[in-house]
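The values are calculated or read from the model by the stated rules, or taken from the named source; none is laboratory data. Since the structure is predicted, the reported quantities are computational estimates derived from the model, not experimental observations. All Cβ positions, even for glycine, are placed from backbone atoms using ideal geometry, and neighbour counts span all protein chains on display. These area figures cover heavy atoms from the full protein model, side chains too; ligands, DNA and RNA do not enter into them. Shrake-Rupley method; radii C 1.70, N 1.55, O 1.52, S 1.80 Å.
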Amino acid sequence: LPPASRRGCWRGTLEMAGDAEVQVVKDFKRWLQNNEKAAVATAAIHALTEMIKNSGASTIMELEILLKAAQEQLQTVKFEGQRSKAIQLTAACELFARHVTRTALDIGDFNECKQRLIERGLKFAETAEVSRSVIAEHMLPFIRDGTSILLHGYSNVVIYALAAAAKSGVRFKVTVTEGQPERDGIKVCDELKVAGVQVERCLDTAVGFIMNEIDMVLVGAAGVCESGGIINKIGTYQVSALAQVTKTPFYVLAESYKFCRLYPLSPTDLPEAEREPKQQPSSAGKTSEVRVRSPPSDFTPPANITLLITDIGVLTPAAVSDELIKLYY
């Protein structure tokens, strides 16, 4: 194409990208509103697939520009619970982009490629939607009658797995940490009671006191890193350390779309969305000048994790890097 035509083509594509950014966010938010318990990764995949279906792109290059713009917009959108969802949202977008690249390399014809992308996107979303039930099946053999379980942090997949175990007739007890500063342990207890699970709540500071009564620790994950370690709610690291001291199994339940290409080197080496805010509020009263530290997340190293229960199998932390290669390459 002559330079003027190329410039016109690029301008048209970028205008489409701007329109796509607005619509993809609308589709994303609508999916979350209509599916309260759905994962943000599933919502993102549905929104990106819908964008491909309705796009006016006529070449693979234009489609890739649209997708890149839409992904960037999704990764910056604000919605309830973003802090704990940012990693899985980014990972889902990266995985989807990898699907596009693979399809473009495999299929030369654009229309056929576009149709295949839509099919793969829907299949990807379907797999993500059933991942929790698959994890629940993998977890069931680990829970026996009389098992005492410690749970830290709110996790849809952990609650789903425990509810499924209770429904199957297994009788066990769950102790839930209070989960400061959000106190999300209260919400966990309410949902487990509705599911018929015997449950009690304990102070975060009482974990060491009760650990000898516990048969296993269960947590979810905001993200599963390349090393096999996890980024999760603050306090997960210290709970894992106490479990290690008492030789209590520490299990992580996580969907494969939370596998991310991150390699933290310490509990504080976290992505921007999970770091401790620079400006911390001061405490009230006489100690109003005292800084209050309230980091949202920490990194639990692979050495502290017994197994990861996922929709692609029960994995040791060392096996995560191999699974990441399969997912991305």
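Odds and ends about this structure:
- Restricting Arg201, Arg183 to those that are open to solvent by 60 Å² or more (accessible area, probe 1.4 Å) and at positive phi reduces the list to Arg183.
- Tallying residues that are in contact with a Ser or Thr (Cβ under 9 Å, 6 or more places away or on another chain) and more than 19 Å from Gln180 (Cβ to Cβ) within segment 266-279 yields 2.
- Hits in segment 227-255 - residues which are closer than 17 Å to Ile214 by Cα and polar (S, T, N, Q): Thr236, Gln238, Ser240, Gln244, Thr246, Thr248
- In summary, Thr49 fulfils each of the numbered conditions (1) assigned to a loop (DSSP other than H, G, I, E, B); (2) among the polar types (S, T, N, Q); (3) modelled with pLDDT of 85 or more with the single exception of condition (1).
- For segment 150-169, the tally of residues that are of a type in the set (S, T, N, Q) and either at positive phi or open to solvent by less than 20 Å² (accessible area, probe 1.4 Å) (or both) stands at 1.
- Among the residues of segment 271-297, those identified as under 26 Å from the mean Cα position of the chain (by Cα), farther than 30 Å from Val130 by Cβ and modelled with pLDDT of 75 or more are Arg293, Ser294, Pro295.
- With respect to (1) at pLDDT below 80; (2) under 21 Å from Arg261 (Cα atoms), the lone exception for Ala125 is condition (1).
- Residue in segment 186-193 that is open to solvent by less than 40 Å² (accessible area, probe 1.4 Å) and either over 26 Å from the mean Cα position of the chain (by Cα) or within 26 Å of Ile45 (Cα to Cα) (or both) present: no
- Helices (runs of 4 or more DSSP H) lying entirely in segment 129-242 (those with 1 or more residues that are farther than 25 Å from Gly313 by Cβ): 185-194, 207-210
- Some residue of segment 250-262 being assigned to a loop (DSSP other than H, G, I, E, B), surrounded by fewer than 20 Cβ atoms within 10 Å (Cβ to Cβ), modelled with pLDDT under 95 and within 20 Å of the chain's Cα centre (by Cα): yes
- Residue satisfying condition, being farther than 19 Å from Ala86 by Cα, crowded, with 19+ Cβ neighbours inside 10 Å, under 24 Å from the mean Cα position of the chain (by Cα) and modelled with pLDDT of 90 or more, within set Val239, Val219: Val239
- Segment 132-148, subset of a type outside the set (S, T, N, Q) and under 22 Å from the mean Cα position of the chain (by Cα), residue surrounded by the most Cβ atoms within 10 Å (Cβ to Cβ): Ile135
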